[in-house]
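To keep things clear, I will list the structure first and then write my remarks on it.
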Amino acid sequence: MPQPDDIAPAQLCDLLQGEHMLLWAFRATAFGAGDCHLIRRQFEESCGPMGVQALTALSVFVRELGQNGRRKVTLAAPGSYRMTRDEQSILALFAAAQAEDYTRMEAHLAWLLADQPRAPFPAAACLVAQALEMHGFVLRLPPVEAGPAPAPIRHDDVVTPFRRRAS
């Protein structure tokens, strides 16, 4: 039977501080609030001078995902305690970058993009992951085996800010 640490986080309260900060900034950027002063201050205080660079790289990652992804990425509404499967994959992608598991990182990228990973995604993911790691924020890699399904997400909690690109 899987232990609690062996299960991918399904709610914000299950996240470590770095994971929470990353997902919070990812959601805010996707919903057009990436210039939020609270997020910027959190990254600056948490990661020093690298914080602004990491946040900029994350913004590039999110923007490119929205513009060039071939499928809709589902995010929970900002402020929601629930997490979507795509958000779990996003956290796993950055955790793989931090662990230098590039094969796993590219697999998550391919899933999110529904396409082959290309620049600037790997570079942006690595910059963000390294900035967090250098300041003591570990991103956990989920187990390879699928864990139990997260709590069901209510329709009013789910928002898809990304548009689907025409093929």
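The values are calculated or read from the model by the stated rules, or taken from the named source; none is laboratory data. Treat the numbers as computed from the prediction; the structure is a model and nothing was measured. Don't worry about glycine lacking a Cβ; one is built from the backbone with ideal geometry, like all the others, and counts go over all protein chains shown.
Quick notes
- ALA30 being surrounded by 14 or more Cβ atoms within 10 Å (Cβ to Cβ) and at pLDDT below 95: yes
- Of all residues in the range 52-100, those being of a type outside the set (Val, Ile, Thr) and under 14 Å from THR29 (Cα atoms) number 17.
Yes or no, residue by residue, for (1) closer than 19 Å to ALA97 by Cα; (2) of a type in the set (Lys, Arg); (3) in a helix (DSSP H, G or I); (4) touching a residue at least 40 places away in the same chain (Cβ under 8 Å):
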site	(1), (2), (3), (4)
LEU23	yes, no, yes, yes
ALA28	no, no, yes, yes
ASP35	no, no, no, no
ALA54	yes, no, yes, yes
ARG70	no, yes, no, yes
VAL73	no, no, no, yes
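- Answer from HIS155, HIS108, HIS135 - the residue that is modelled with pLDDT of 60 or more, out of contact with any His (no Cβ under 9 Å at 6 or more places or on another chain) and closer than 18 Å to LEU75 by Cβ: HIS108
- Given (1) hydrophobic (A, V, I, L, M, F, W, C); (2) farther than 18 Å from PRO143 by Cβ; (3) buried (at least 20 other Cβ atoms within 10 Å of the Cβ); (4) free of Cβ contacts under 8 Å to residues at least 60 places away in the same chain, index of the condition ALA96 fails: (2)
This table checks each residue for (1) touching a helix residue (DSSP H, G or I) at 6+ places or on another chain (Cβ under 9 Å); (2) polar (S, T, N, Q); (3) over 21 Å from PRO120 (Cβ atoms).
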position	(1), (2), (3)
LEU16	no, no, yes
PHE26	yes, no, no
ALA57	yes, no, no
GLU64	yes, no, no
VAL73	yes, no, no
PRO78	yes, no, yes
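- Scanning the range 1-18 for residues that are modelled with pLDDT of 90 or more and surrounded by 21 or more Cβ atoms within 10 Å (Cβ to Cβ) yields one hit, GLY18.
- Residue under evaluation GLU100, criteria (1) in a loop (DSSP other than H, G, I, E, B); (2) at pLDDT below 95; (3) not polar (S, T, N, Q), criterion not met: (2)
- Filter result for the condition that a residue is under 17 Å from LEU75 (Cα atoms) and of a type in the set (D, E, K, R), over GLU45, GLU19: GLU19
- Filtered residues of the range 33-82 (kept if among the aromatic types (Phe, Trp, Tyr) and either under 14 Å from the mean Cα position of the chain (by Cα) or surrounded by 13 or more Cβ atoms within 10 Å (Cβ to Cβ) (or both)): PHE43, PHE61
- Residue satisfying all of: in the range 99-111; over 20 Å from LEU15 (Cβ atoms) and among the small types (Gly, Ala, Ser); surrounded by the fewest Cβ atoms within 10 Å (Cβ to Cβ) among these: ALA110
- Inside the range 112-129, residues that are assigned to a helix (DSSP H, G or I), surrounded by 17 or more Cβ atoms within 10 Å (Cβ to Cβ) and more than 11 Å from the chain's Cα centre (by Cα) make up a count of 6.
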